[in-house]
Structure formats: C-alpha cells, structure tokens
1. Starting from one equal scatterer on each C-alpha and no solvent at all, send me the Debye-based log10 I(q)/I(0) for the range 304-356 at q = 0.24, 0.25, 0.29 Å⁻¹, two decimals.
2. Beyond 18 Å, what share of the Cα-Cα pairs of the range 97-148 is found? Please give it as a whole percent.
3. Restricted to Cα positions, what overall size does the range 180-252 have along the principal axes? Three whole-Å values, descending.
4. Take the range 146-199, compute every pairwise Cα distance, and split them into 5 Å bins from 0; I just need the percent in each bin.
5. Tell me the Rg and the Dmax, in Å, that the Cα atoms of the range 4-105 produce.
6. Taking a temperature of 4 °C and a viscosity of 1.567 mPa s, what whole-number D in µm²/s does Stokes-Einstein yield for the range 115-211 with Rh from Kirkwood over alpha carbon pairs?
7. Where does each of 70-81, 91-102, 25-36, 8-19 land if you order them by average Cβ count within 10 Å, highest first?
8. Bins of 5 Å, beginning at zero and ending with the bin holding the largest distance: percent of Cα pairs per bin for the range 74-126, please.
C-alpha cells in the first residue's frame, strides 16, 4: 500500500543539561524525504524529563527569537536545581539499589518543569512544513556525560477511530493526590492491550482522557516515584513558589536573619522571571498583570499546564505485525487531583485509533 505509515527511531546525545534538538531537521539529514509524503507525524519520547510541546504552543513560541528558550527558562527558575526536593534524597529512594544510587541523577527539578511546562511524551504535528520540531531535554547531562535518549517519529496520513471504553478508578480521601494509572490494580493497561489485540492495530495510539464530568484534576506522563509525586508535586500544588523560595534561602548571604522574608524575595524574582515568559509568548501588560496576580493568590492548579488527556503510542516496531503500547521504562500515565471527588472515583475514557 503506498504511503503506509512509516516509523523512525532516532538516538539523541544531548549537548547540555537543557538541550533542544530539531528532530525534523535530523530526520531530513539522515533519512531524506522519508516523511514528506505524510500529512501528519506522531513524535514520541521514551523519557520522563525529555519530550515535546504541543504544535500550537511550539509554533507560537518559535515566532519570537529565543522564544522557546525564554519559556523553558521560566520553569527552570520556578524549579531550580538543588532546592530541597525529596526525590533528590537518594538514600530515601527504596526502589533504588546501592549501585543505582551511585549513578542516579538528582533531577526532581527537571521532572517538575516537564509537568508544569506542559511537555508531552507523545504529540502529533500536522502538515508537511519545514518548521522545526524540537525534542526538549531538561536533564540531558549528568556529571559531565550525556544521557542517551531515544525518540520515535511515525508518519501517517489518516487516523481511524477503532474503539472507546471507560474505566472508573478509585481515589483516596486526600484532596491533593496522584494515581499511577499504569498500576495493574486499575486494569487500564490490560484493557488497552486487549483493545489493541482484538482490533489488530499495528500502528496507532491510545488516548487516556478524564471524563467531561471530572474536574479539579489533570493527566501527565512521567515517573511515578513516591517522593516525587506524593511530596514534591504536592508541595507545588500547595505553594507554587515553595522551591523557588527554598533556593533563594540558600543563595542569600544571611538566610537566618531574613528567613521570614524568603517568600518576598521569591515574589520579586518571580516578576523578573515572568517578564521572560511574557517576551516568549508575546503577552501584553494587562494579561501579564492578571497572570501574576492569579499566580500569587491562587493554588498552583491555575498555573500548571496540566492536560485533561495524554496519548500513548501503539507500534509494532519491536514486534512486527503485533501492535503494543510502547513506553520508556519509567514512564507512567499519572492522574493528579487537587480536590477530592464527591464519590472518591475518577472516570477515565480510553480511545484507540489506527493510523493509515
């Protein structure tokens, strides 16, 4: 069949801890016009601190010089390195072996920036244009050595709806909480695989989405590590400036003398940081004022670019003729809530599509 979906896997070696790689240009250099016949392409990252922005936001940022860099700088300032994250206290990480503790990077800031900036592990870009598609790495170097990254790109022309289902998952009584939707107890992944096999989808995607009635919650794909999800992310939801203030406390000459003023320093810095975001997004002064006011008086749920849906690629690249969900070792779809639902349950809609 002419123009059947084509999939490419690229290995990327980052040049810095925060690195931008134009994947479309890289494919053009290594595979020529292989993707040119296709109307759409699915870009997938196998990592929890490296991914892509939605096409609409990326296009808006790319209109301005260094717009993408300013945008990322904002979130790096909100989540500085070494700002007292529990995830970075490796001796508390029970899932790590002694050997892994020696090599594991302290990268809670990168995880939180990934989630907050709205980075995705799987996105679709429309059109056959030549505009860049950036693979954004927030944790590309550790102890001076690049971390090896893998991204896949799947070119296709049409997307066919194949199946839709719904699963209700129980939540805890905690208002602020996170659920690992990959947990076998919820049955979501088992149901996804059943749908893929039953409908014989070789290349496509699964969408997990909150039901329309679900409010005060969002979805992301990241590492479900207990300290990161139950402590660090919860801190952000309670107090968006928590870690920025913590970093300021360490940087100030006499932190004990001005301990109670730390949040004021963070607020001052935040105005400067917001200016970078304004320049990147091209916002006007009135919009900026509303954003800053809302940021300081409202919880972080109004600030995080948390989505109501996530996408998981389906591919037969590793098992020809048999499509499967493809994800990196540490990737999990995660439901984050900042208000307890009335019935202590959340409804997740599963949608399976096939690429042609």
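FYI, it's all coordinate maths here, none of it is from the lab. Remember, it's a predicted structure, so these values are computed and weren't measured experimentally. So basically every Cβ, Gly included, is an ideal-geometry build from the backbone, and we count neighbours across all protein chains shown.
1. With one equal scatterer per Cα and no solvent, log10 I(q)/I(0) is -1.12, -1.16, -1.31.
2. 51
3. Computed over the range 180-252, the largest-to-smallest principal extents equal 60, 26, 24 Å.
4. Pairs per bin, as whole percents: 4, 12, 15, 14, 17, 15, 12, 8, 2.
5. Taking only Cα atoms of the range 4-105, I get Rg and Dmax of 17.9, 51 Å.
6. 74
7. 70-81, 8-19, 25-36, 91-102
8. Calculated over all Cα pairs of the range 74-126, the distribution is 4, 18, 23, 17, 16, 13, 6, 3, 1, 0 percent.
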